[in-house]
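Visitor: Next up is a structure, given as structure tokens.
Values quoted throughout were computed directly from the atomic coordinates according to the rules given, and no laboratory measurement underlies them. Since this is a predicted model, take the numbers as computed values, not measurements. Neighbour counts run over all protein chains shown; Cβ positions are idealised from the backbone, glycine included.
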Amino acid sequence: MSGYEWEPRERGVAAALAIGMLSAIMYPVWQNWRPKDDRKDGFPLSYYPMFSDKRPRAHPVRFTVGIRADGSRYYIPSKLLGSGGLNQVRRQLKRVIDGGQVGEFVKVVAARVAADERFPDAERVQIIQGVFDLDECMLNREMKAESEEVLAEAEVLRPTPAPDGIVPPAAANGGKRQAVVSRVSTRNGVAK
């Protein structure tokens, strides 16, 4: 044979490295057989509990809807609930609900809906917890809740126009006084 011949010491080092790498890769698998409270998950050695844990088919989801005068409803976009992406807003909403501040928060959302011209027909805002069948939602695109509980509700208050159809500046700005700035253009010292 005209190839490279391994020294006995090199074979031992290669075998030790191979066994070490395989052990490091396989170590997280043992977490599956430990009691649930004793399991440890961390980067880079993870047993991927988000994929391996059993999840219930029905899952509670908290969401916000606008209610029209005829009783029909539509979902309020997450951007009106808080800042950040959908999952970040979802966590913020959960924190508000768990903290017992959902009554105050729904009023804030109702004020945002009132100020947003995309929702001129919203009469009320509700924060709801619904239980959804995740398989139906993901596989069949059925977004119908098995059960719903209204956690909080608020009226969408909009300023009412004055009798002549003019909205006073304070009412248009949510009751806050608004500074009026007039601009005068002058040419050669003469106001136009």
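Visitor: Rounded to the nearest 0.05, what FRET efficiency do residue 112 and residue 54 give with R0 = 45 Å and r taken as the Cβ-Cβ distance? Could you check?
Guide: After rounding to 0.05, the efficiency reads 0.70.
Visitor: What translational diffusion coefficient, in µm²/s and rounded to a whole number, does the Stokes-Einstein relation yield for the range 98-157 at 10 °C and a viscosity of 1.306 mPa s, taking the hydrodynamic radius as the Kirkwood radius over Cα pairs?
Guide: For these conditions, the coefficient is 121 µm²/s.
Visitor: Sequence-distant or interchain residues sharing an amide H contact under 5 Å with residue 123, placed H: which?
Guide: Excluding prolines and chain starts, which carry no amide H, the hits are 67, 68, 69.
Visitor: Based on the mean of other beta carbon atoms within 10 Å per residue, what is the order of 91-100, 72-81, most packed first?
Guide: So the order, starting with the most tightly packed, is 72-81, 91-100.
Visitor: Give, in nm to one decimal, the length gained when the segment between residue 5 and residue 150 is fully stretched (0.36 nm per residue of separation minus the Cα-Cα distance).
Guide: Result for the pair: 44.7 nm of gain on full extension.
Visitor: Report, largest value first, the span of the C-alpha coordinates of the range 56-155 along each principal axis, in whole Å.
Guide: Per principal axis, max minus min of the Cα coordinates gives 38, 32, 23 Å.
Visitor: Would you kindly derive the ³J(HN,Hα) couplings of the range 18-31 from the backbone phi angles with the Karplus curve 6.51 cos²θ - 1.76 cosθ + 1.60 (θ = phi - 60°), listing them in order in whole Hz, with x for Gly and Pro?
Guide: Computed from phi, the couplings for the range 18-31 are 4, 5, x, 5, 5, 5, 5, 6, 7, 3, x, 4, 5, 4 Hz.
Visitor: Please give, to one decimal in nm, the separation of the simple spin-label points placed at residue 61 and residue 18, each 7 Å out from Cα toward the Cβ.
Guide: Label-label distance for residue 61 and residue 18, simple model: 4.9 nm.
Visitor: Report, by chain and number, residues whose modeled amide H sits under 5 Å from the one on residue 152, excluding near sequence neighbours (fewer than 5 apart, same chain).
Guide: 127
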